[in-house]
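Note sheet for the following structure.
Laboratory data are not the source of any read-out in this text; all were calculated from the coordinates shown. Predicted model only: the values in this text are computed from it and were never measured. With ideal geometry, Cβ positions are generated from the backbone for all residues, glycine too; neighbour counts draw on all protein chains shown.
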Amino acid sequence: MLSFLITAAALLATSSLAGSSRDCCPGAGPSCCPGAASSDAPPRRLEVELLALDLATCTRCLDASAAIEAALRQLEPVLAEVGMEVRFVQRVVRSEAEAVKHRLVSSPTLRIQGEDVALELRESRCSDCCALADGSAVDCRVWLWQGREHSSPPKALFLDALLKGYARALAAPPASAASEAPFVLPENLRRFFAARANAALHGDAHGSCCGSTSTSTSNTSCCDGAGR
């Protein structure tokens, strides 16, 4: 929370200074004040990307999408004031090949300036994606915020990540995966895509996520262990 407040204060201070520099010498060009930016300078850009297995039925993915959109709505006016453009992309990863291409380790994943906002990987069984995978066991992202686990990310978590991303955007371009080691798709995701492909091939109906002997009540409890 302290880092959130410090970064927010810095952002607001930058906004204030940007406004005051325009008034330091009315009628003069952008060079009249030391450090004043030219209006012709290319805009700085904050790259935000949400990767998900599904954005139609998976509650965790839909909640992550809603949380980042709410966070962006709150911060974009201030970011625009300081000359920071936001580019937000939501991407549904539909195949194993796409997952490898985008180096997906868990769903949903939020990246800001090319970096995963989750500092550690935590997952639990996801009933929605189990159903999409014809009953195969599938785990989805669990978010850690202020010492607690959440299957649906709090908006504050993404606000904090955006402010930290803003600070990184001032210092360097987005991170690139070009120089990273070869990517190996996690078995959890490999199992999901294999089950989806098999279900599509055979036209199988969706099964339960915890096996054919589980009841609908136990499916919910075994697949959604993390709190919201």
Expressed as a whole-number percentage, the relative contact order of the range 89-177 with C-alpha contacts under 8 angstrom and at least six residues apart is 26
Using only the alpha-carbon atoms of the range 62-188, report the extent along each of the three principal axes, biggest first, to the nearest angstrom.
48, 33, 26
Need the C-alpha centroid separation for the range 54-118 versus the range 123-184, integer Å.
9
Each label point is 7 Å from the Cα along the Cα-to-Cβ direction; what then is the distance between the points at Gln146 and Ala56, in nm?
3.6
Given labels modelled 7 Å from the Cα in the Cβ direction, how far is it in nm from Arg190 to Ala167?
3.8
In the range 102-141, whose amide N lies under 13 Å from the spot 7 Å out along Cα-to-Cβ of His202? List them in ranges.
134-136
Total formal charge among the other residues, if their Cβ is under 12 angstrom from that of Val82, Lys/Arg +1 and Asp/Glu -1
-2
Rounded, prolate or oblate: which fits the range 131-176, taking a ≥ b ≥ c as square roots of the Cα gyration tensor eigenvalues, rounded meaning a/c under 1.5, else prolate when a/b beats b/c?
oblate
Under the rule a/c < 1.5 gives rounded, and otherwise a/b versus b/c splits prolate from oblate, where does the range 98-169 land using the Cα gyration tensor?
oblate
